[in-house]
Amino acid sequence: MPPRLRRLVAWAAASVVVVLFVAVLGVVAIAPAAESAPGAGQGQGQGGLVAVLFYVLSLLTLLGAALVAFVRNIVYSALGLLASLLGAGSLYVLLSADFVAIAQLLVYVGGVMVLVLFAVLLTNKITEVNVSNSSFGLFGGLLLLVAMVPVLVAVAVLTPWRTSVPGPLAPTTEALGDALLTHWLLPFEVASLVLLATLIGAVIIARKELKAD
Amino acid sequence: MTISLAHYLVVGALLFALGLVTVATRRNAVGVLMGVELILNGANVNFVAFERYVGGGVGGFVFALFVIVLAAAEAAVGLAIVLALFQTSKNIDVRQADLLRE
């Protein structure tokens, strides 16, 4: 009971730290910067709804990410990764990137998560929680977080980005297809080659019977 | 209050930081790969947010798509390597995976 309780308390403390950090940043640091930024006042009419959606979705994303980083049981980590990827995909919708959001859902949530869960279930005995995901230590991770996050956040908030006023949400799929097949044709083809090499390589690496031949 | 570019950049930065913590602290190879996915997602949030608020075109979305494609490829190969490692040594602790050292 005490180790489980201690783990629970440590985990709750970590999530509370992250959430408080986001909240304090949003109120203290970002709000004045956002109000003084050019063109910040002109949203798309329903700014309040978008703000609430943004906060809920980013909370989902960051809580899932905290689960991935700090929970010992790796099955819970995989489910946290699922929540985090879902939240990030929904944030893309708020950013008018509809096709990227759908691709995120299909590729990450549909494909990569299934792969990760397969790997988790194939490589671990689920009952042995301590063996399955021994961690370097909550303290080291939190220390790294505390050391790194303020720098990144300060750069993101204090830099005077030359933002333009974003237009209303619009479908981007047609423009995306045009760009992929004209301006970014070479990277597109190279990506297809990479996928082919990945397909063959993954099969060859994961196959057992190859040594028998 | 209106959501600005900095909000999305902070979310991306926190995702990146949590992913880096995961990569640095996990011993389980699958956990390390999950951390890499978080890092790539943080970068992707930045790509899309910059395209929306600064670029105004579609190039950032294209790069987000490429990141998604390469992340899928990385996950497939990485997890295949993890499975091969597990078949040979029955252990996916990244600190004990030193078969190629000698």
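Here is how the numbers come out for the structure above:
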read-out: Residue selected from segment B:60-92 under the condition more than 7 Å from chain A (Cβ to nearest Cβ) and over 25 Å from A:Ile205 (Cα atoms), by the criterion surrounded by the fewest Cβ atoms within 10 Å (Cβ to Cβ); value: B:Phe63
read-out: Residue list for segment A:146-195, filter: within 25 Å of B:His7 (Cα to Cα), among the aliphatic types (A, V, I, L, M) and more than 10 Å from chain B (Cβ to nearest Cβ); value: A:Ala170
read-out: Checking A:Thr163 against (1) touching a residue at least 12 places away in the same chain (Cβ under 8 Å); (2) out of contact with any Pro (no Cβ under 8 Å at 6 or more places or on another chain); (3) part of a loop (DSSP other than H, G, I, E, B), the condition it does not meet; value: (2)
read-out: Every pair of residues 6+ apart whose Cβ atoms lie under 6 Å, when the first sits in segment B:20-46 and is more than 7 Å from every other protein chain (Cβ to nearest Cβ) and touching a residue at least 24 places away in the same chain (Cβ under 8 Å) while the second is surrounded by fewer than 24 Cβ atoms within 10 Å (Cβ to Cβ) and of a type in the set (Phe, Trp, Tyr); value: B:Ile39/B:Phe16; B:Gly42/B:Phe16
read-out: Yes/no for B:Val54 being surrounded by fewer than 18 Cβ atoms within 10 Å (Cβ to Cβ) and either at pLDDT 85 or above or under 21 Å from A:Phe118 (Cα atoms) (or both); value: yes
read-out: Residue in segment B:1-15 that is under 12 Å from the mean Cα position of the chain (by Cα), within 7 Å of another protein chain (Cβ to nearest Cβ) and in a helix (DSSP H, G or I) present; value: yes
read-out: Residue in segment A:185-195 that is closer than 21 Å to B:Gly56 by Cβ and surrounded by fewer than 12 Cβ atoms within 10 Å (Cβ to Cβ) present; value: no
read-out: Of residues in segment B:34-51 being under 23 Å from A:Val190 (Cβ atoms) and of a type in the set (A, V, I, L, M), the one surrounded by the most Cβ atoms within 10 Å (Cβ to Cβ); value: B:Val48
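The values are calculated or read from the model by the stated rules, or taken from the named source; none is laboratory data. Because the structure is predicted, anything quoted here is derived from the model rather than measured. Reconstructed Cβ throughout: ideal geometry from the backbone, glycine too, with neighbour counts over all protein chains shown.
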